[in-house]
Amino acid sequence: MDEQISEELEKVKQEMEEKGSSMSDGAPVVKIKQSLTKLKQEVVQMDVRIGVVQHTLLQARLKEKSNMTRDMHATNIPEPAAGTFV
């Protein structure tokens, strides 16, 4: 009975020691913080890229609209003669 208690006590001590050492090891937390910092930087870069694409798209739309307007005015559309109904 004493041997069982001693074995159990030894197991508990070993588990406590393992847990204590893993809790004092801050490496996983440091890695997580580094990963978060990297992700935040990547998000900023993606925001910049998105902004550039939006700007480029807006410029293309404006140019297309300008070209359409110019083409409309350049096309000679004959007006109906006075007194005739279409």
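3J(HN,Hα) along segment 63-73, derived from phi through the Karplus expression 6.51 cos²θ - 1.76 cosθ + 1.60 where θ = phi - 60°, amounts to 5, 4, 5, 4, 5, 5, 5, 4, 5, 5, 6 Hz, with x in place of Gly and Pro. Straight-distance candidates among the aspartates and glutamates for linking to LYS63, with alpha-carbon spacing under 15 Å and chain neighbours fewer than 8 residues away dropped: ASP71.
Cross-link partners of LYS40 among lysines, defined as those whose alpha carbon lies under 28 angstrom from its own and excluding same-chain residues fewer than eight positions apart: LYS31.
Bear in mind these aren't lab numbers, they're just calculated from the coordinates by the rules spelled out. Being a predicted model, the structure only gives us computed values, none of them experimental.
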